[in-house]
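The values are calculated or read from the model by the stated rules, or taken from the named source; none is laboratory data. Keep in mind the model is a prediction, meaning the values are calculated, not measured. All Cβ positions, glycine included, derive from the backbone under ideal geometry; neighbour counts span all protein chains shown.
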Amino acid sequence: MANNIQGFAMIGAQSIVFSITNLRTLKTIERGKYPVAIGDDFYAEHEILPETVDTIVQAFDAINQIFKDYGVTTVNVYASTSWAEADNAEFVRDQLYTRTGWLIRTTSLSEEAFFRTQAIMVKFPQFASITQKGTVLIDISSGSVELTTFCQGTFGFSRNLSLGPLRVYEIMSDVQRSVTNYVEVMRDYIDSRLLDFMRLLPQGVEYTNMILMGSSLSIFQNLIPEGKRQVETDRPGFDMLYDEVTKASDQYLADTYDLTSNQTSLVLPTVLLVYRLIETLNSQSIWISDLKAIDGLEVHAAHAGGFKKLGFDPDEEIVISANNLAKRYQVDDKHMEATRTFALQLFDRLKKLHGMGKRERLLLEVAATVSDIGSYIETHKHYAHSNYIIMASEIMGLNELEVTMVATITRFHSSVTPQSDLKNFPMMSTENRLVVAKLSAILRVADSLDASRQQKIQQLRVSVKPNKVLLSAKVNDDIELERWTLARKGKFFSEVFGVGLELKGRNTL
């Protein structure tokens, strides 16, 4: 079978979803799911139990047989972020590989958000029209809720909250047995967790539209007509549903919406969360979509494999996410733009010298964008603050290793000089340490070229000579500070690349 027909499996907290997809057309050939309550283990026990591992193996074997029946040879297996909450996640991952041959890749929160936005942007027919106005995408999984904003057709920002219905249910289960006003207490709990998200929302944007999607849509999923992938409802329609749910018994909900007992217990936290968001954001139009994270995996694979052009550049979301982080910590925009421009120019002109590709260029762009966020805490040794802020932040579309690499690059962009082989970062492979060293060296040079933070260099030409890199600058003022800074910070560049640096300036005034 052609390699454009690939299999996908996504392990969630309550089920394993699988699909067979033609990546040239993004048409689904086969799709299904196996209920495996993994979340019950790691939310309650903080580990995946042996009997659950056996159930996963059975599901994998059944899914693999379906893949074989269709002649699928390329299989992509992912686990949601919640998987990593189990203390024994890595042991179980190895056990499953040994028993099934399937190697599971765990996604980070930012990667999952990235995949979901790709799914919506490509597979949601009304995306282009409704996102001209403020739109918030709410992806509901068992353990968390990802809220992503769009305006004027472009990505705004994304935020993950530990407010998934299963997690809320587990937390509030003791309260339910001891209070009479359970709905009110749960509402207060949800409101308290929404405060940070609301505070970070861009000012002056009205979020008229809301899109609901995810693996834990509960009764919302039942509202989508058979044969359709989405349905629209308005505010009054949702208010009626909220009134029904908050006053109904579990038995009524199970009978009316054909739910299992596990599904029924998650109805109230799901509906209450969405209701509070609708009220707070004053959304008037609510779309319910059956798109899942696995749809985003398919879109991502189609783009990454060169099977299909998407009509947009997914990397733009990553850069916007980095810009948002820089804005949150009030970086000097002009210095950041100058440093980023110089860094990318150096990367492009020195390609034969460094031998890196498109993904490394993106990591450099992100690092140049967020390198000074630590100054928000303290300008002295700000690079150290930048490091831990980045490690604790979400940058859309980067996996955990890439976030660590960006944080390390920013840590070494300033005066502190790393060891050329970065031996103090054993968690990285030799190859990744070398990438970090190269990108750090380039960023140190770029940062030096605006050492005065006055953007004195108006234009830069980069020339590779036999034993040095010549930087010819058109300037509007004296650049002695830049030249002196480059002499200090450029030493690491010479260590990494084996060539010297020379900066020449020609005044344009």
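Pull up segment 490-506, narrow it to residues that are within 15 Å of LEU449 (Cα to Cα) and in a strand (DSSP E or B), then point me to the one that is modelled with the lowest pLDDT.
Ranking the qualifying residues of segment 490-506, first place goes to ARG506.
Starting from segment 482-505, keep only residues that are without any contact (Cβ under 8 Å) to a residue 24 or more places away in the chain, then list their pairs with residues that are surrounded by 21 or more Cβ atoms within 10 Å (Cβ to Cβ) whose Cβ atoms are within a distance under 8 Å, requiring at least 6 positions of separation or different chains.
The qualifying pairs are ARG483/LEU503.
From the residues in segment 294-310 that are part of a loop (DSSP other than H, G, I, E, B) and touching a residue at least 12 places away in the same chain (Cβ under 8 Å), which one is nearest to PHE157 (Cα to Cα)?
Step one: of segment 294-310, the residues part of a loop (DSSP other than H, G, I, E, B) are 305-310.
Filter once more, keeping what is touching a residue at least 12 places away in the same chain (Cβ under 8 Å): 305, 307-308, 310.
On the way: GLY305: 26, PHE307: 28, LYS308: 26, LEU310: 20 Å.
The qualifying residue nearest to PHE157 (Cα to Cα) is LEU310.
Give the number of residues within segment 73-111 that are among the aromatic types (Phe, Trp, Tyr), over 24 Å from SER321 (Cα atoms) and not in a loop (DSSP other than H, G, I, E, B). First the steps, then the outcome.
Step one: of segment 73-111, the residues among the aromatic types (Phe, Trp, Tyr) are 78, 83, 91, 97, 102.
Restricting the remaining residues to those that are over 24 Å from SER321 (Cα atoms) gives 83, 91, 97, 102.
Filter once more, so that each one left must be not in a loop (DSSP other than H, G, I, E, B): 83, 91, 97.
Result for segment 73-111: 3.
Just give me the residues in segment 311-328 being outside any helix (DSSP H, G or I) and crowded, with 19+ Cβ neighbours inside 10 Å, in sequence order.
PRO314
Just for segment 311-340: of the residues that are of a type in the set (Val, Ile, Thr) and without any contact (Cβ under 8 Å) to a residue 60 or more places away in the chain, which one is farthest from ASN76 (Cα to Cα)?
Narrowing segment 311-340 to residues of a type in the set (Val, Ile, Thr): 318-320, 331, 339.
Right, trim to without any contact (Cβ under 8 Å) to a residue 60 or more places away in the chain and you get 319, 331.
Numbers: VAL319: 26, VAL331: 39 Å.
Selected residue: VAL331.
Looking only at residues that are of a type in the set (A, V, I, L, M, F, W, C) and part of a strand (DSSP E or B) in segment 151-167, which one is surrounded by the fewest Cβ atoms within 10 Å (Cβ to Cβ)?
LEU161
Here's a check for you: in segment 18-28, which residue that is of a type in the set (Val, Ile, Thr) and modelled with pLDDT of 95 or more is farthest from ILE63 (Cα to Cα)?
Our first condition is that a residue be of a type in the set (Val, Ile, Thr); within segment 18-28, this holds for 20-21, 25, 28.
With modelled with pLDDT of 95 or more added as a condition, the list becomes 20-21.
On the way: ILE20: 10, THR21: 14 Å.
Applying the filter and picking the extreme gives THR21.
For segment 312-350: of the residues being among the basic types (Lys, Arg) and in contact with a helix residue (DSSP H, G or I) (Cβ under 9 Å, 6 or more places away or on another chain), which is farthest from LEU439 (Cα to Cα)? Walk me through how you get there before you give the answer.
Taking segment 312-350 and keeping what is among the basic types (Lys, Arg), we get 327-328, 334, 340, 349.
Pick out the ones that are also in contact with a helix residue (DSSP H, G or I) (Cβ under 9 Å, 6 or more places away or on another chain) and you get 327-328, 340.
On the way: LYS327: 23, ARG328: 24, ARG340: 12 Å.
Going through the qualifying residues, I end up with ARG328.
In segment 31-57, which residue that is more than 27 Å from the chain's Cα centre (by Cα) and in contact (Cβ under 8 Å) with a residue 12 or more places away in the chain is surrounded by the fewest Cβ atoms within 10 Å (Cβ to Cβ)?
Checking each candidate, the answer is VAL57.
Specify which of the listed residues (LEU471, LEU460) is at pLDDT 90 or above, in a strand (DSSP E or B) and more than 35 Å from the chain's Cα centre (by Cα).
That would be LEU471, the only listed residue that is at pLDDT 90 or above, in a strand (DSSP E or B) and more than 35 Å from the chain's Cα centre (by Cα).
Rundown of residues vs (1) at pLDDT 85 or above; (2) assigned by TED's automatic domain parsing to the domain that holds GLY143; (3) acidic (Asp, Glu), yes/no style:
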| site | (1), (2), (3) |
| --- | --- |
| MET240 | yes, yes, no |
| VAL245 | yes, yes, no |
| ASP250 | yes, yes, yes |
| LEU253 | yes, yes, no |
| THR256 | yes, yes, no |
| LEU259 | no, yes, no |
| ASN262 | no, yes, no |
| LEU272 | yes, yes, no |
| ARG276 | yes, yes, no |
